[in-house]
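A short write-up of the structure that comes next.
Each value in this text was obtained by applying a stated rule to the coordinates, not by laboratory testing. Here the structure is a predicted model, which is why all the values come from computation and not from measurement. Note that each Cβ is placed from the backbone with ideal geometry, even for glycine, and that neighbours are counted across all protein chains shown.
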Amino acid sequence: MRIGLIGGGTISRLVLENIRRGALGSFEVVALMGRHGAAPRGRELAREFAVPYVEERAALLSTRPQVVIEAASHDAVREHLVPLLEAGSGVVVLSAGALVDDALREAAERAAVRSNALFYVPSGGIGGLDALKTACLAGVDEVSIQVAKPPAAWKGIAYVERQGFQLDGLTGPLTLFEGSALEGVPHFPQNVNIAAILSLAGIGARRTRLKVVADPALELNTHTIRVSGRAGRLTVVLENVPAPENPKTSWLACYSALAALKSLAPGARYGT
Ligand SMILES: NC(=O)c1ccc[n+]([C@@H]2O[C@H](COP(=O)([O-])OP(=O)(O)OC[C@H]3O[C@@H](n4cnc5c(N)ncnc54)[C@H](O)[C@@H]3O)[C@@H](O)[C@H]2O)c1
């Protein structure tokens, strides 16, 4: 299968390493798209793995990818998702937070149907979405997620700085946001994509509750999902190891991109 990549960071590196090792099946990376004027990470990564490097969507499409993995940013989703689907390329979206925008998501859903193209948002750094989807069919009253990470993971975020939160020297947990996923996700473009995924698989971003916590006692990114409804209650707690080069990203989320690729190969499928 011919794969395109958008983004030259932690997730793209893991995908390239695993495809090169043949760990996922038969995949060929036909292009890596970086951002014009950005730090040369994408270009260097492409060179390291001997993959063609491009900066324009037209150049990416000219390499005829069957599926493009977006591992870049909310901006990249806004810019490229719908045109790629319209051009008939499948897209796996990691920066799922961009999809709490109903207009963008619905345009992408329509484009995917029109082109018969795959539009796939993998589970990322969370689990339990199979049970959530089933519970929703029975009727769900509440879905919530608490995203708690060590203080370092919340640095360099404009919303956190604007609110004047002091992350250095914290002695106990500090709540940075509490409210709907719809309101909260855009405040943390690199950290709470999982709240968007939970919303999309469940009852939507307006009704899904999000609490964001900086906790100096934590070493692992700790996500607690609670669902209650007619079929019963469900609690899922994930303790995720942060990616070594990027404390905002969890290893599980990176591997979720690989699991998504594996699931595209023909053959048996177990669970979601
Ligand atoms: N779904 C999930 O559970 C989950 C979990 C972790 C990360 N993510 C998201 O996945 C994305 C990639 O994560 P990462 O850890 O590899 O990030 P990273 O910061 O290591 O790398 C991202 C790369 O993408 C590039 N980029 C940004 N915008 C671009 C654009 N418009 N076009 C081309 N390149 C662009 C950046 O320059 C950077 O090199 C991020 O948006 C991150 O928030 C999702």
Pick from 185, 236, 68: which is most flexible by mean-square fluctuation in a GNM of the chain where alpha carbon atoms under 10 Å apart are linked? 236
May I ask you to order 257-263, 28-34 by the average number of other C-beta atoms within 10 Å around their residues, highest value first? 28-34, 257-263
So for 254, 136, fewest C-beta neighbours within 10 Å to most, what's the order? 136, 254
Using helices alone, I'd like the mean residue ellipticity at 222 nm for the chain: each DSSP H run of four-plus residues gives -39500 (n - 2.57), total over residue count, nearest 500. -10000 deg cm²/dmol
Most mobile of 253, 138, 148 per a Gaussian network model of the chain (Cα springs, under 10 Å)? 138
Could you work out which residue, out of 11, 157, 194, moves most in a Gaussian network model of the chain, that is, has the largest mean-square fluctuation with Cα springs under 10 Å? 157
Where Cα atoms sit under 23 Å apart: lysine pairs in the chain separated by 8 or more or lying on different chains: 7
Which helices, counted as full DSSP H runs in the chain, have an axial Cα extent of no less than 18 Å and a Kyte-Doolittle average of 1.0 or above? 251-264
Per the chain, sqrt(5λ) over the Cα gyration tensor eigenvalues, sorted largest first, in Å, gives 30, 23, 17
Using only Cα atoms, figure out Rg for the stretch 129-249 and give it as a multiple of 2.2 N^0.38 Å. 1.07
